[in-house]
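The values are calculated or read from the model by the stated rules, or taken from the named source; none is laboratory data. All values reported here derive from a predicted model rather than from experimental measurement. In this analysis, Cβ positions are derived from the backbone assuming ideal geometry, glycine residues included, and neighbour counts consider all displayed protein chains.
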Ligand SMILES: [Fe+2]
């Protein structure tokens, strides 16, 4: 769809969320996010348009940002976009009343949470692992497991850096209260492993209590490959 104009209230919501999250990410976000954030240079006072985002992201990692007016894109369709290195961002913005937490991913989540990471080739490679495995899956159970592995790593994962817990997940980067609880050690933390995550139901409509911790982006890639490689091999890819 064509890019759209946003209302003054929507820009004001963006600016307030940005103002609130900035000191928290400087203190608690993982090194990759901070590096990508400094490269992407999101505007503080207004919602960035697609041209601006793509002028910075596409040269860096070959991903393209695409706007959608669908509130929840079906997973099969989502991963077909992903497979083409297209990242969908919604045109929905949370209301002023939902500043601290929204159960529905909005454009602040999609842009502020996800896009700084898409400035980094090593992170783009991580994201590029999911679609081929998802599209080669043969059962609903495999698809659900892949979504769960994405959920507890790229969306809601934590990362250990020099013995300290840092925020890795995009859903936490954009989520006020939950970010603080995650960063300040108020949740239960488990090692990220296939066995620990598969079988744990995704928590979608309330805040999390259990989070999974990765040691590095490379370690996460290696762990995901343990689940994805047999699926790809079976499909002859
Ligand atoms: Fe997300």
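Listed here are the residues, each with its yes/no results for (1) within 16 Å of the ligand (Cβ to nearest atom); (2) at pLDDT below 95; (3) at negative phi; (4) crowded, with 17+ Cβ neighbours inside 10 Å.
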position: 154; (1), (2), (3), (4): yes, no, yes, yes
position: 160; (1), (2), (3), (4): no, no, yes, yes
position: 164; (1), (2), (3), (4): no, no, yes, no
position: 168; (1), (2), (3), (4): yes, no, yes, yes
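Between a first residue in segment 152-163 that is free of Cβ contacts under 8 Å to residues at least 24 places away in the same chain and a second residue that is surrounded by fewer than 24 Cβ atoms within 10 Å (Cβ to Cβ) and assigned to a strand (DSSP E or B), which pairs have beta carbons less than 7 Å apart while being 6 or more apart in sequence or on different chains?
Close Cβ pairs satisfying both conditions: none exist.
For segment 18-67, which positions are under 25 Å from residue 179 (Cα atoms) and not in a helix (DSSP H, G or I)?
29, 30, 41, 42, 43, 44, 45, 46, 47, 48, 65
Restricting to segment 170-215, and then to whatever is in a loop (DSSP other than H, G, I, E, B) and within 16 Å of the ligand (Cβ to nearest atom), can you tell me which residue is surrounded by the most Cβ atoms within 10 Å (Cβ to Cβ)? Talk me through it step by step, then tell me what you get.
First, the residues of segment 170-215 that are in a loop (DSSP other than H, G, I, E, B): 174-175, 184-187, 192-193, 198-209, 215.
Subsequent filtering for residues that are within 16 Å of the ligand (Cβ to nearest atom) retains 174-175, 202-205, 207-208.
Numbers: 174: 25, 175: 27, 202: 15, 203: 13, 204: 11, 205: 7, 207: 13, 208: 21.
Here the answer is 175.
Among the residues of segment 130-137, are any touching a helix residue (DSSP H, G or I) at 6+ places or on another chain (Cβ under 6 Å) and assigned to a loop (DSSP other than H, G, I, E, B)?
Within segment 130-137, one or more residues are touching a helix residue (DSSP H, G or I) at 6+ places or on another chain (Cβ under 6 Å) and assigned to a loop (DSSP other than H, G, I, E, B).
Among (1) within 16 Å of the ligand (Cβ to nearest atom); (2) under 19 Å from residue 40 (Cβ atoms), where does residue 150 come up short?
Failed condition: (2).
Could you tell me which numbered condition residue 81 fails, if it satisfies all but one of (1) farther than 21 Å from residue 173 by Cα; (2) in contact with a strand residue (DSSP E or B) (Cβ under 7 Å, 6 or more places away or on another chain); (3) away from the ligand (no atom under 16 Å from the Cβ)?
Of the numbered conditions (1) farther than 21 Å from residue 173 by Cα; (2) in contact with a strand residue (DSSP E or B) (Cβ under 7 Å, 6 or more places away or on another chain); (3) away from the ligand (no atom under 16 Å from the Cβ), the odd one out for residue 81 is (3).
Name the residues in segment 84-115 that are within 14 Å of the ligand (Cβ to nearest atom), outside any helix (DSSP H, G or I) and under 16 Å from the mean Cα position of the chain (by Cα), would you? Give the steps one after another, and end with the answer.
Looking only at segment 84-115, we keep the residues that are within 14 Å of the ligand (Cβ to nearest atom), and these are 87-90, 92, 94, 102-115.
Keeping just the survivors that are outside any helix (DSSP H, G or I) gives 87-90, 92, 94, 102-106.
Of everything in segment 84-115, those that are within 14 Å of the ligand (Cβ to nearest atom), outside any helix (DSSP H, G or I) and under 16 Å from the mean Cα position of the chain (by Cα) turn out to be 87, 88, 89, 90, 102, 103, 104, 105, 106.
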